[in-house]
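The values are calculated or read from the model by the stated rules, or taken from the named source; none is laboratory data. In this text, all values refer to a predicted model and were calculated from it rather than measured experimentally. Here the Cβ positions follow ideal geometry from the backbone for every residue, glycine too, while neighbour counts run over all protein chains shown. Heads up: the accessible areas ignore ligands, DNA and RNA and are worked out on the full protein's heavy atoms, side chains in. Shrake-Rupley method; radii C 1.70, N 1.55, O 1.52, S 1.80 Å.
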Amino acid sequence: MSRYLGSVCKLCRREKEKLFLKGERCSSNCTLERKRGKNGPGQHGATKSKMSDYAKHLREKQRARRIYDLTEEQFSHYYEVAEKMKGSTGDNLLKILEMRLDNVVSRLGLASSKKMARQVVNHGNVLVNEKKIDVPRYQVKIGDIITVSEKYKAGVVIKKLVEKTVSTVPTWLSFDKNKVAGTVVGEPLAGEVSHPINSQLIVEYYSK
């Protein structure tokens, strides 16, 4: 399964907004804040033609896919799952994406970015209900308790991250700073995703 290995700054430039793919590093020395960074990447990046409806739908789908660091195949699969669920397909899609284990680790502040969160999970440093889970796509459920291994907890990086965590945790998650443990207390609402996403545009993209 192929995954994008190029410069993530190009992805932000393509979407013309900060996607925070590097975590805190995006807050400083960002290409979007430089004059040249205001245009998209490549020699045609400065083109300002009016976008068609299809282009708007495609851009929102690509934007969401990049925010969650997913391949096209993964994203399409999640859409198919969301479509079969009861309720709004768009809301279901965002709920599934938010409740991926790597995203939850990132939202709890146990990693500085989704890419780092995926790495932390892959390396076996995350436990769900005291059981090691090394699959980033694992779907958490209400009541699940997310902790990290003692080795990771003792690291300098996690200690710095935990100091900033409490104020950034969404309402559907809770975090115990002393135990370095998070709990899934609910399901994310449409307005509680990590980055504002117009799910209706994504639904319209796949409906064509």
Unmet requirement for Ile146, which otherwise passes all of (1) aliphatic (A, V, I, L, M); (2) under 19 Å from Arg100 (Cα atoms); (3) assigned to a helix (DSSP H, G or I): (3)
Subset of the range 141-174 (residues that are under 16 Å from Val126 (Cα atoms) and charged (D, E, K, R)): Lys141, Asp144, Glu150, Lys151, Lys153, Lys159
Filter the range 105-133 down to the residues that are assigned to a loop (DSSP other than H, G, I, E, B), out of contact with any strand residue (DSSP E or B) (no Cβ under 9 Å at 6 or more places or on another chain) and surrounded by 18 or more Cβ atoms within 10 Å (Cβ to Cβ), then identify the one that is modelled with the highest pLDDT. Ala111
Considering the range 54-75 alone, what residues qualify as being touching a residue at least 24 places away in the same chain (Cβ under 8 Å), open to solvent by 20 Å² or more (accessible area, probe 1.4 Å) and assigned to a helix (DSSP H, G or I)? Tyr54, Lys56, Leu58, Arg59, Glu60, Gln62, Arg63, Arg66, Glu73, Gln74
Filter the range 76-100 for residues that are acidic (Asp, Glu) and either open to solvent by less than 10 Å² (accessible area, probe 1.4 Å) or closer than 24 Å to Ser113 by Cβ (or both) and give the result. Glu98
Quick check on my filter: what residues within the range 134-190 are among the aliphatic types (A, V, I, L, M) and open to solvent by 20 Å² or more (accessible area, probe 1.4 Å)? Val135, Ile142, Ile145, Ala154, Val156, Val157, Leu161, Val166, Val169, Val185, Leu189, Ala190
